[in-house]
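In what follows, a single structure is set out as C-alpha cells and then discussed.
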Amino acid sequence: MLLNDAKIATMSKGKPYGLIEKGAIRIRDGRISWIGEARNAPSGPRDEIVRELEGRVVTPALIDCHTHIVYGGDRAREFELRLEGATYEEISRAGGGIASTVSATRATSEQALLKNCLPRVDSLIAEGVATIEIKSGYGMDIQTECAMLRAARSIESHRTVRVRTSFLGAHAIPPDYSGREDAYIEKICIPALETAHAEGLVDAVDGFCERIAFAPGQIARLFKRAGELGIPVKLHAEQLSNLGGAKLAARFGAMSADHLEYATDEDAEEMARAGTVAVLLPGAFYTLRETRPPPVEAFRRHGVDIAIATDCNPGSSPLCSLLLAMNMACTLFRMTPEEALAGATRNAARALGLSDSGRIAKGLRADLAIWDIDHPAELAYRIGYNPICERIFEGRCDAC
Ligand code: DI6
Ligand code: FE
C-alpha cells in the first residue's frame, strides 16, 4: 500500500516534527518499506493500493506508555471526598485510595477485569493509540497480580492494539502487611514477580517509591531480583515528595522514571547519564491539583527525553484521553506541542524499550495515525476534540 500526498510528522530528530511537507509512505508486510518526498517515490507493483491523503497529516500511531487501565470498581466517592477537602495522602492513610481498588480488584474475576477495561481501551484506540502499557498493582497477592496481567495481555485478542505489561507488585502496602514492608517485598512481591515472569506475563518491573508506599531500599531489593531475571525496570518516583527514587532508577539503568514533580536538577543529570526517560503524567497533576510542575527545563537542559502518558487509573488520574494529556502537558507543564507529540510517540516508545515504533522510518512497524488537520501542532492544541481520520495498525487500516 502507498499512502500518497501526506504531510508526514516522522518524529525523527533533525527538524521540527521531522516534517515532510508532501510525502509518501509505502507499507509492506506490516512495516514501512519506503518513506520520503512523494515526487521521489519509486513505482510500486501494478496492483498496489494507492491511497491519496490530500495533504492530511500522518504521525506515528500514539503510544500510551503508563497506564493502570485494568482494575475493579471505581473511586467516584473518593473524588467527592477530595472535593470536600481531603487530600490523596489522607485518603490513602485512612485505608481508601489504592487499597480500596485492591479490594475491588480482588473481588473481580479475570474475565470481568477484561470486560470492564475495554471501553477505556477503546477510548484510547479511537484517538490513534496503537500501543498501551498496562501495570498490575491492584492485586498485591500472587493470584490477583497474575490475573491483572493476564487480563491486560488478553486485550490483544479482543482489540487491534499492542499491550506491554509492567509488574507493579510494589504499589502500596496491603493492610495485613502494614508496618512490615520488607516482609511484603520478600514474601509476596518477589514471589509474585517470579510466578508472573514464569508465566511470561512481565515486560518490565515497576514500583512506587513514596512515603505512602515503598522506600528506596525496598525498591532496590525488588530491582535487584528483576535484574537477575533479566527484566528491565521503571519507577514511579518523586510524585509527592523527593525520596531519591529518580537517582535509584538511574542507578539501575531504568527505562523510565515517572511523575517526577519533585525531581531536582541533579536527578535530571543522573537520568540523562543513564538514558532514563522522564515520563510526565499531567492527568495526575491536574486531578490532585498539584502546584509544583516537574522540572521540564532541567530535563531539556540535560537532554533527558520526555514522554507523556495518561496514567489512566481510578484514583489519581481517571483520564482516558492521550490527546488531552498532550494538551495538559503544554498548558500545565509548558511543553511545546512538538515535545508533547514526541512524548506520545518517539519518547514513549523509548520508555517501553520499543525500538521498532514511535517514529516513521524505513523498517519500523507501520503503526500510523492519519489526522484531519493541517499541522501536527493542532493535536495538542484543541481540548476535547478528536481529529482522527484513520488508524493503521501493523499496516492494516481499521476502516478497510
Ligand atoms: N501513582 C499514581 O498516580 C497511581 N499509582 C501511583 O503509584 C495512582 C493509583 C491510584 O490512585 O489508584
Ligand atoms: Fe501511575
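Any read-out appearing in this document is the output of simple, stated calculations on the displayed coordinates, not a laboratory observation. None of the values given here were measured: they were computed from a predicted structure. So basically every Cβ, Gly included, is an ideal-geometry build from the backbone, and we count neighbours across all protein chains shown.
At a 10 Å Cβ-Cβ cut-off, how would you order Val70, Val296, fewest neighbours first?
Ranking Val70, Val296 by Cβ neighbours within 10 Å, fewest first, gives Val296, Val70.
Report the one residue of Ala254, Leu229, Gly217 whose Cα lies farthest in the direction of the positive end of the charge dipole of the range 211-268 (charges on C-beta: Lys and Arg +1, Asp and Glu -1; origin at the Cα centre).
About the Cα centre, the residue reaching furthest to the positive side is Leu229.
Assign unit charges at the C-beta atoms only (+1 for Lys and Arg, -1 for Asp and Glu), then state the dipole size of the chain relative to its Cα centre in Debye, rounded to the nearest 20.
680
Relative contact order for the chain: what percent, with Cα pairs under 8 Å and sequence separation of 6 or more?
With pairs under 8 Å counted, the relative contact order is 19 percent.
Can you pick out the pairs among Lys135/Lys362; Lys13/Lys135; Lys13/Lys247; Lys224/Lys247; Lys115/Lys187 whose Cα atoms lie more than 23 Å from each other?
Lys135/Lys362; Lys13/Lys135; Lys13/Lys247; Lys115/Lys187
Taking every DSSP beta bridge that has both residues in the chain, what percent is antiparallel when rounded to the nearest 5?
For the chain, the DSSP antiparallel bridge percentage is about 45.
Helix 142-154 sits at what angle to the longest principal axis of the chain, using alpha carbons and giving 0 to 90 degrees rounded to 10?
Taking the Cα atoms of the chain, the angle to 142-154 is about 10 degrees.
What residue among Tyr88, Ala130, Cys146 has its Cα farthest toward the positive end of the dipole of the range 28-149, where the charges are +1 on Lys, Arg and -1 on Asp, Glu, each on the Cβ?
Most positive-ward Cα: Ala130.
May I ask you to sort Met148, Met1 by Cβ crowding, counting other Cβ atoms within 10 Å and putting the fewest first?
Taking fewest neighbouring Cβ atoms as first place, the list is Met1, Met148.
Give the Rg (one decimal place) followed by the Dmax (whole number) of the chain, computed from C-alpha coordinates and expressed in Å.
20.7, 70
Determine ³J(HN,Hα), in whole Hz, for all residues of the range 156-168 in sequence, where each value follows from phi through the Karplus function 6.51 cos²θ - 1.76 cosθ + 1.60 and θ = phi - 60°; x replaces Gly and Pro.
So the J values, rounded to whole Hz, are 4, 7, 10, 9, 7, 8, 9, 10, 10, 9, 10, 7, 10.
Only loop residues by DSSP count here, and only those with at most 14 other Cβ atoms within 10 Å; note down the GluC sites (Glu not before Pro) in the range 1-100 that meet that.
Filter output for the range 1-100: Glu48, Glu54, Glu84.
Where in the chain is the longest stretch that carries no trypsin sites (Lys or Arg not before Pro) classed as loop by DSSP and with at most 13 other Cβ atoms within 10 Å?
For trypsin sites (Lys or Arg not before Pro) (loop position, at most 13 other Cβ atoms within 10 Å), the longest site-free span of the chain is 47-179.
Using alpha carbons only, how many degrees (0 to 90, rounded to 10) separate the axis of helix 265-274 from the longest principal axis of the chain?
Around 60 degrees separate the two axes.
Loop-only check: which GluC sites (Glu not before Pro) in the range 312-400 are DSSP coil with at most 16 other Cβ within 10 angstrom?
Glu394
Distance between Cα centroids, the range 306-366 to the range 82-134: provide it in whole Å.
20
Count charges around Ala298 for me, please; just the other residues with Cβ under 10 Å from its Cβ, Lys/Arg as +1, Asp/Glu as -1.
Summing Lys and Arg as +1 and Asp and Glu as -1 gives -3.
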